[in-house]
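The block underneath contains the structure these notes are about, expressed in structure tokens.
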Amino acid sequence: MSKKNLYMRTPEVSTYTSYGCLFSIMDDRLWPWIYNNFIQITYAHTWGIFAFDNHVRLLSNCPGISYYEIPRTVVDYKWDKKIKNLIIEALEMDYYMYIYVDRYYLKQSSSYQKYPSPHEVLICGYDLNKSTFTIADNLENGKFIVTECTFDEVEKGYWAIKTNYDFMTNIRYLKKKKEYTCEINLPQIIFNIENYLFSKKNYDLIQDQEIDYGFDAYHRLLVDISNAEQSLELDWRGFHLLYEHKILMEMRIKYLLDLEVVSHSSNFLEAIIELKNDFLVLRNLVIKYNLTLNPNILERIKRNLEDNLNRERSYLFNLLNDLKQNVQREYSIL
């Protein structure tokens, strides 16, 4: 076969490459698992990023994806240091490839031939006639896109990474599962909303850095706003994650309304749509500030953020009470 591209859909969530990958290759059976999770938000101090809880394990723990890893030494031994051959073989077997490459070698990247920038990419296709791979990554000013790069770019980008950290050199195989089931879990949703709302630490066997949870994590955004004049720009990704968090909450509420486990009379859907739109306005204000560096915008950003978070907190209190009543009603019937 001279050409092959695996299935990719437009992702609802793509703040980070791993999220874009998951939401691009998933099918509709996975939505209950998505709604049960993707609620708690954390701030990782060493990485300096906001992310959904269990950020690094979302792909490996996803019930709709078969996930395997092999070390770089296997590429040395079996494929004679030709990662191109490994990738093509995997794609022929319907495996997506998830690897780190140095964006210094990717022409589509803003880092191209400027500075080293190791980052994940999803490889989802190839074309032997053009000697290109189809890849997906947040390459367009942070936007998740599907594009092409040459075999040589990926080859050089992968082998340029010299590190003792296995997670940056391991090869990951991802494949959609044909048979699996997911069910909505109201107690789990309630548990995750409570942890998010009250900034509770989720149990984690692996924690190699200081982590802030839930609404406590948002203090960092206020600190960043205060420091913006010294650092010039704001990291827009945290604000974009807040917006995507509300996109998923809106979808979750619609799903729960269809199941009749959320009260139609409480206007939960209308309220979350309004919140989602306001967080989009906030995200756009951050982008506008980064483009203009107008200090007057910073006060608007701070004011909007505080107002949005206060309204979200009130919204979640009401939602929790409603969900708990419905869970109690369900168990009383049983």
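The values are calculated or read from the model by the stated rules, or taken from the named source; none is laboratory data. Keep in mind the model is a prediction, meaning the values are calculated, not measured. Note that we place each Cβ from the backbone using ideal geometry, even for glycine, and neighbour counts take in every protein chain shown.
Got a number for residues in segment 255-268 being within 16 Å of ILE190 (Cα to Cα) and among the charged types (D, E, K, R)?
The number of residues fulfilling the criteria is 1.
Please go through (1) small (Gly, Ala, Ser); (2) under 24 Å from SER199 (Cα atoms); (3) free of Cβ contacts under 8 Å to residues at least 24 places away in the same chain for GLY238 and return the number of the only condition it doesn't satisfy.
Single failed check for GLY238: (3).
Quick one: in segment 185-241, which of the residues that are among the basic types (Lys, Arg) and outside any loop (DSSP other than H, G, I, E, B) is modelled with the lowest pLDDT? First the steps, then the outcome.
Within segment 185-241, the first condition is being among the basic types (Lys, Arg), and the residues that meet it are 200-201, 220, 237.
Adding the requirement that they be outside any loop (DSSP other than H, G, I, E, B) leaves 220, 237.
Working: ARG220: 93, ARG237: 96.
For segment 185-241, the residue satisfying everything is ARG220.
Might you check whether a residue that is outside any helix (DSSP H, G or I), modelled with pLDDT under 95 and surrounded by fewer than 16 Cβ atoms within 10 Å (Cβ to Cβ) occurs anywhere in segment 295-308? It would help to see each step written out before you state the result.
So the first thing to find is which residues in segment 295-308 are outside any helix (DSSP H, G or I), and the list is none.
There is no residue in segment 295-308 that is outside any helix (DSSP H, G or I), modelled with pLDDT under 95 and surrounded by fewer than 16 Cβ atoms within 10 Å (Cβ to Cβ).
Could you say which residue among THR132, THR163 is surrounded by 14 or more Cβ atoms within 10 Å (Cβ to Cβ) and either over 21 Å from the mean Cα position of the chain (by Cα) or closer than 23 Å to MET93 by Cβ (or both)?
Working: THR163 fails: surrounded by 14 or more Cβ atoms within 10 Å (Cβ to Cβ).
The unique qualifying residue is THR132.
The rows are residues; the columns are (1) surrounded by fewer than 20 Cβ atoms within 10 Å (Cβ to Cβ); (2) under 12 Å from the mean Cα position of the chain (by Cα); (3) not assigned by TED's automatic domain parsing to the domain that holds CYS62.
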site: SER24; (1), (2), (3): no, yes, no
site: ASP28; (1), (2), (3): yes, no, no
site: TRP33; (1), (2), (3): no, no, no
site: THR46; (1), (2), (3): yes, no, no
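Scan segment 175-202 and report the pairs whose first residue is under 17 Å from LEU309 (Cβ atoms) and crowded, with 16+ Cβ neighbours inside 10 Å and whose second residue is modelled with pLDDT under 95 and polar (S, T, N, Q), with Cβ atoms within less than 6 Å and a gap of 6+ or a chain change.
ASN195/ASN202
Quick check, is ALA90 touching a residue at least 40 places away in the same chain (Cβ under 8 Å), assigned to a strand (DSSP E or B) and out of contact with any Lys or Arg (no Cβ under 7 Å at 6 or more places or on another chain)? Break it down into steps so the answer makes sense when it comes.
Working: touching a residue at least 40 places away in the same chain (Cβ under 8 Å): yes; assigned to a strand (DSSP E or B): no; out of contact with any Lys or Arg (no Cβ under 7 Å at 6 or more places or on another chain): yes.
For ALA90, the condition - touching a residue at least 40 places away in the same chain (Cβ under 8 Å), assigned to a strand (DSSP E or B) and out of contact with any Lys or Arg (no Cβ under 7 Å at 6 or more places or on another chain) - is not met.
Considering only segment 134-184, state which residues are at pLDDT below 95, closer than 15 Å to ILE99 by Cα and acidic (Asp, Glu).
ASP166
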